1. Rounded to the nearest 500 deg cm²/dmol, what is the calculated helix-only ellipticity per residue at 222 nm for the chain, with -39500 (n - 2.57) per DSSP H run of length n ≥ 4?
2. Report relative contact order for the chain in percent, whole number only (criteria: Cα-Cα under 8 Å, sequence separation at least 6).
3. Amide H neighbours of R41 under 5 Å, counting only residues 5+ apart in sequence or on other chains, H built in-plane at 1.01 Å?
4. Determine the shape class of the chain: with a ≥ b ≥ c the square roots of the Cα gyration tensor eigenvalues, call it rounded for a/c under 1.5, and otherwise prolate if a/b is greater than b/c, oblate otherwise.
5. Just order 82-94, 40-52, 106-118 by mean Cβ neighbour count inside 10 Å, highest at the front, would you?
6. Just for the stretch 4-233, what percent of DSSP beta bridges are antiparallel, to the closest 5?
Amino acid sequence: MLPLEKQNALRAHYQKKHPDWRPATVVYEQTIRRCLAPGMRVLDLGCGRGGALEQLGEAVAHPIGLDPDFTSLREHRLPILPRAVGLASALPFAAESFDLILCSWTLEHVAEPERTFWEIRRVLRPGGRFIFLSPNAANPLTVLNRLLRPLQATLVRRLYARREADTFPPVYRANTRRTLTRLMRDVGLQLEALDSIQDPTYLAFTPVLYYVAAWFSGWTPKWTRVHLVGIGRRPEGNLS
């Protein structure tokens, strides 16, 4: 079993050996903080039970969470957070409502990526940004996950000590550099940044597996690294 506490300890060990490396979640949060400004209206798309808004706290003046799972919203760890049930492909908000849209561990579940990206662009204000964190569908682990999809809920519970209720079916239709670049271009968003990040801890069920994965990470082509963190921006002056 590889619970989160053990995984984080292995990440700390890996970072000592590679001082310039940061986990994708840290890169994601740092990216958000660089783009965040006072008074912004911020949407956490697929917020689940906590997400980025929980970590950012009072740094976000006007937050709102959206998720299709009512149970997750009801159990959100920020009880005073304004939140709504809804789909990414049909956002229940007026045009140009947000300065910043956050999205972590959600794009892999999006069944209609074209409609979703049009919706993201629609509700962003001109100059607004969409910051995302997702698995990379080109990574071997993600390919394996797709092959084992019928067993996903059971494997996640047994291997990573996560509740089955927190496991949602991935489809990986917006999770490669090429696909994200195309989706952004097609809806009129500018892809400002897209970083691929390695993480050798996902199969570290034994010390030997961890060291093998760490060695393998050094040889992994950048475009296949396990996580993607990126920024899309709605240009100023675009027609709605």
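Every number here is computed from the coordinates shown, using simple stated rules; none is lab data. Here the structure is a predicted model, which means the values were calculated and not measured. Neighbour counts are summed over all protein chains in view; Cβ atoms, including those assigned to glycine, are modelled from backbone coordinates with ideal geometry.
1. -10500 deg cm²/dmol
2. On the way: 440 pairs, mean separation 52.7, N = 240.
Relative contact order comes out at 22 percent.
3. D99, L100
4. Prolate, because a/c is 1.5 or more and a/b exceeds b/c.
5. Values: 82-94: 15.5, 40-52: 22.6, 106-118: 20.5.
Per-residue Cβ counts within 10 Å, averaged per peptide and sorted highest first, yield 40-52, 106-118, 82-94.
6. Once the DSSP bridges in the stretch 4-233 are tallied, antiparallel ones form about 45 percent.
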